[in-house]
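In what follows, a structure is listed as structure tokens, so that the remarks can point back to it.
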Amino acid sequence: MDSARQRFLSWGAPVVELSEDDLALLHALQIAPRVAWLDAADILGAHPATLARRWERLHSAGLAWVTAHLKGDPSEMVLAFVDVECVPGRREEAVAALAVIPVVQTIDVATSQPEIALTVFARNLSECAESILPRLATAPGVSRIQTELCTRLHSGGHSWRLAALDREQIAAFSALARSEPFSGRLPPACFDLLPLLARNGRASAADMARELGRSPATVHRQLARVIGSGLLSFRCEVAQGPAGYPVACKWLTKVPPGQHVQAAAALSGLRNVRLVASTTGQTNFTIMMWLRTVADVMTAELALQERIPGIELVQSTVMLSSVKRVGCMLRPDGTATGDVVASPILIE
């Protein structure tokens, strides 16, 4: 095995703009996004106040943030990947128009046609076909759209990790991330918490109680129900470049029927993988990775072909930038602005 390929498979330490302490804290929050600083301090060997200050610095700079969003489970709702072609010279206009649409969860700007890649949530196929897709197709600056539906989301950004902690620390934070399941129907008042958690996934019950004009005890019970219901996916996101992975590449591929689960499992050991999804359309398997350099694209393709026998790499696209990620607006350098255009509640 050549050295470049070995480097890709062993995933050596990336060049990053964050300190080792920063990376350890962020990895911890990726596992347990709402962990208390006191609990985290015991595992990381740091003072709680130090962790709180470190997080505030990272968050204020837009280098990291915690959000909550609908899981996008294709068995419960429609998750669509929409490629957008723009009228020549009007890409920025199209991006601006699409970014304010709440059901458009993620926007990536590509290096080639189609120029924009969207991740879109819809309540059902009827809403998707009759309302959402026509709105996207007629947005200013848009000339054409092409849509593939996700039939199974094997892994997503919520499961991506920085790999800065050891096994014992990972196990400890995983234990803290467990919550008491709630299997009943969520009361309508619980849904008022969702926009607040989308804006700040670490918001406390006391903070939300003040904003909603409710008692902290009431919001504490409602929050426990929302978390226990599994309706939301909480995630700690990081600015892509400073984390050491400035290049995002998406592959549209074909995997033999009946082998999608095995293919997804074969990719589970590659921590640069950000998305693995089975889809409808001319291709049936979509993969996205965060990489250190454009040169790693070819190395990644070799790894894909080695791990997934029979895979056909139909198209690869390098993304120029991300404008919006699960509702959170981003600056050109990938840092978060603090603005959130979250998806509405998609519950029948």
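One table, with the values for the structure above:
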read-out	value
A41 open to solvent by 20 Å² or more (accessible area, probe 1.4 Å) and at pLDDT 95 or above	no
All positions within region 184-213 that are open to solvent by 20 Å² or more (accessible area, probe 1.4 Å), in a loop (DSSP other than H, G, I, E, B) and either among the aromatic types (F, W, Y) or free of Cβ contacts under 8 Å to residues at least 12 places away in the same chain (or both)	R185, S204, G213
Enumeration of residues in region 163-182 that are without any contact (Cβ under 8 Å) to a residue 40 or more places away in the chain and not basic (K, R)	D166, E168, A171, A175
Hits in region 128-171 - residues which are surrounded by 14 or more Cβ atoms within 10 Å (Cβ to Cβ) and acidic (D, E)	E148
So S174, is it within 20 Å of the chain's Cα centre (by Cα), loosely packed, with under 13 Cβ neighbours inside 10 Å and of a type in the set (G, A, S)	yes
Every pair of residues 6+ apart whose Cβ atoms lie under 6 Å, when the first sits in region 274-301 and is over 16 Å from D108 (Cα atoms) while the second is at pLDDT 95 or above and assigned to a loop (DSSP other than H, G, I, E, B)	F285/V255
Which listed residue is within 30 Å of N272 (Cα to Cα), of a type outside the set (S, T, N, Q), assigned to a strand (DSSP E or B) and more than 17 Å from the chain's Cα centre (by Cα), from L153, L149	L149
Residues (open to solvent by 10 Å² or more (accessible area, probe 1.4 Å) and of a type in the set (V, I, T)) located in region 111-122	T111, T119
In region 215-243, residue surrounded by the fewest Cβ atoms within 10 Å (Cβ to Cβ) [restricted to those that are touching a residue at least 12 places away in the same chain (Cβ under 8 Å) and part of a loop (DSSP other than H, G, I, E, B)]	G230
Members of region 302-338 found to be on the phi < 0 side of the Ramachandran plot and over 22 Å from the mean Cα position of the chain (by Cα), listed by number	L302, A303, Q305, E306, R307, I308, P309, I311, E312, L313, V314
Hey, A4 among the aliphatic types (A, V, I, L, M), at pLDDT below 90 and assigned to a helix (DSSP H, G or I) or not	yes
Selection from region 48-79 of residues that are among the polar types (S, T, N, Q) and more than 21 Å from S233 (Cβ to Cβ)	T50, S60
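A quick yes/no check of all residues on (1) at pLDDT 95 or above; (2) among the hydrophobic types (A, V, I, L, M, F, W, C); (3) in contact with a strand residue (DSSP E or B) (Cβ under 8 Å, 6 or more places away or on another chain); (4) open to solvent by less than 30 Å² (accessible area, probe 1.4 Å):
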{"position": "L79", "(1), (2), (3), (4)": "yes, yes, yes, yes"}
{"position": "V84", "(1), (2), (3), (4)": "yes, yes, yes, yes"}
{"position": "R91", "(1), (2), (3), (4)": "yes, no, yes, no"}
{"position": "I101", "(1), (2), (3), (4)": "yes, yes, no, yes"}
{"position": "V109", "(1), (2), (3), (4)": "yes, yes, yes, yes"}
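This table checks each residue for (1) small (G, A, S); (2) touching a residue at least 24 places away in the same chain (Cβ under 8 Å); (3) farther than 20 Å from L197 by Cα.
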{"site": "D22", "(1), (2), (3)": "no, yes, yes"}
{"site": "L26", "(1), (2), (3)": "no, yes, no"}
{"site": "D39", "(1), (2), (3)": "no, yes, yes"}
{"site": "G45", "(1), (2), (3)": "yes, no, yes"}
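The values are calculated or read from the model by the stated rules, or taken from the named source; none is laboratory data. On a predicted model such as this, the values are computed, not experimentally measured, just so you know. We place every Cβ from the backbone using ideal geometry, glycine too, and count neighbours over all the protein chains shown. Just the protein is used for accessible areas: all its heavy atoms, side chains included, with ligands, DNA and RNA removed. Shrake-Rupley method; radii C 1.70, N 1.55, O 1.52, S 1.80 Å.
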